Amino acid sequence: QVQLVESGGGLVQAGGSLRLSCAASGRTFSGYTMGWFRQALGKEREFVAAINWSGSNTYNSDSVKGRFTISRDNAKNTVYLQMNSLKPEDTAVYYCASRKLDLATTPGSYEYWGQGTQVTVSS
C-alpha cells in the first residue's frame, strides 16, 4: 500500500501563488508517474498535470499551461505543484495520484490517491 498526503492548500487572492506538495510513503516509488487532479464542488474530477518519475516528461492541461508547474524530488518521495497567477476558477480540492509506467490523464488510470487539499482563490 502507498500513502499519498497532499499539503499546501489554502486561501489566496486572484493572481497569487501557492505550492502544493504530495508526500508518498509506504513503499518505494521508483518508476512511478505522479499526477495532479482537481475537483471543484459539484463537478467532475479533472486532470491538471503529470510527471514521470525521472522528471524528463511532463504534461499540463490547457487550463493551467503557463501558470502551473509540476516537479518532483525523488529523494524525498515528493511531488510539487507550483501554482501561479491563480484564478477563481482554479478553486477546487486538489488530489495527488500515482501510477506505474508512463504519463496518463484519466483518473481511472491511477492506482493511488491522496486525501486532497483545498485551494480557494478569491476574486
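The values are calculated or read from the model by the stated rules, or taken from the named source; none is laboratory data. These numbers were taken from a predicted model, which means no experiment stands behind them. Using ideal geometry, Cβ is built from the backbone for each residue, glycine included, and neighbour counts are taken over all protein chains shown. Note: accessible area is taken over every heavy atom of the protein model, side chains too, but ligands, DNA and RNA are not part of it. Shrake-Rupley method; radii C 1.70, N 1.55, O 1.52, S 1.80 Å.
Using a probe of 1.4 Å on the protein chains alone, the accessible area found for residue 62 is around 120 Å². Considering only the Cα atoms of the chain, their convex hull presents on average a projected area of 6.8 nm². Extending 7 Å from the Cα toward the beta-carbon at both residue 67 and residue 11 defines two label points whose distance is 2.0 nm. For the stretch 11-123, averaging the sequence separation of C-alpha pairs within contact (under 8 Å, six or more residues apart) and dividing by the residue count gives a relative contact order of 36 percent. Between residue 3 and residue 100, residue separation times 0.36 nm minus the direct Cα-Cα distance comes to 33.5 nm.
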